[in-house]
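Structure first, commentary second.
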Amino acid sequence: MIEHGTILKSAEKYMRTRKNDVHIPISYSYAMKLADNYPEADRDVVGAAIILHDIGWYSIDEEDIFKKGFQSKNFMKSDVRYLHESEGVKLGTEVLKKLGYADEFIEKVCYIIDGHDTRDEARSLEDKIVRDADKLWRFTLTGVSVASDWFKQTPSQYCARLETDIIPLLDLPESKEMAMADLEETKTALCADIL
Ligand SMILES: [Fe+2]
Ligand SMILES: [Fe+2]
């Protein structure tokens, strides 16, 4: 079992953009929770992939990130979306190489990072866990607070969007259960039925 904290610390510089330093730790915890249900999944790969999947945003101008990557019409297929994936592969490879990981391990991690937002289908069980954990943080109070601003929506508009647009995209049954439970809690905390 590898030490995921070392990877997180090594990527710290890249976490200080687009609130990755909030998104990544929360999503990491969901990834580990999901992996507990799937002992056959490679936890080392899952952990490294969720920690590094979004570090490519570091290479992109922050105004562009939000204007093109979140608020534009076809934002999930925008240029900056593809760019953060390819930059993530590049920077992720650098981080893992510096820490001495084997090429085979790095390839497995990058196979998940590559296309993580723009692909329609998951490539493996590990990929399913990472893709779901990547979305699950948004259902928390913190996730709604942060991401509603990215999309220029009110918290309750964003909660509604999570329900209609994001829950159907979750792959694993455990993820759907967690998402619905977290969303209920978040909506209650934010008085989303009133505001
Ligand atoms: Fe991403
Ligand atoms: Fe992400």
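No value in this document is a laboratory result; all are computed from the given coordinates. What you see is a predicted model, and the numbers here were worked out from it, not measured in a lab. Glycine gets a Cβ as well: all are built from the backbone with ideal geometry, and neighbour counts include every protein chain shown.
A few remarks follow.
- Farthest towards the positive end of the charge dipole of the stretch 4-189, among the residues Ile51, Thr142, Gln153, is the Cα of Gln153, using unit charges on the Cβ of Lys, Arg, Asp and Glu.
- Dipole magnitude of the chain, debye to nearest 20 (Cβ charges: Lys/Arg +1, Asp/Glu -1, about Cα centre): 540
- Here's the picture: charge each Lys and Arg Cβ at +1 and each Asp and Glu Cβ at -1 in the stretch 4-189, and of Ile24, Ala102, Phe75 the one pushed furthest to the positive end of that dipole is Phe75.
- Neighbour net charge for Lys67 - beta-carbon separation under 12 angstrom, K R +1, D E -1: -2
- One chain, two ends: Ser59 and Lys97. Fully extended at 0.36 nm per residue, the span grows by 11.8 nm beyond their Cα-Cα distance.
- Those lysines that a straight Cα-Cα span of less than 23 Å connects to Lys33, excepting residues fewer than 8 apart in one chain: Lys9, Lys19, Lys108, Lys128, Lys135, Lys176, Lys187
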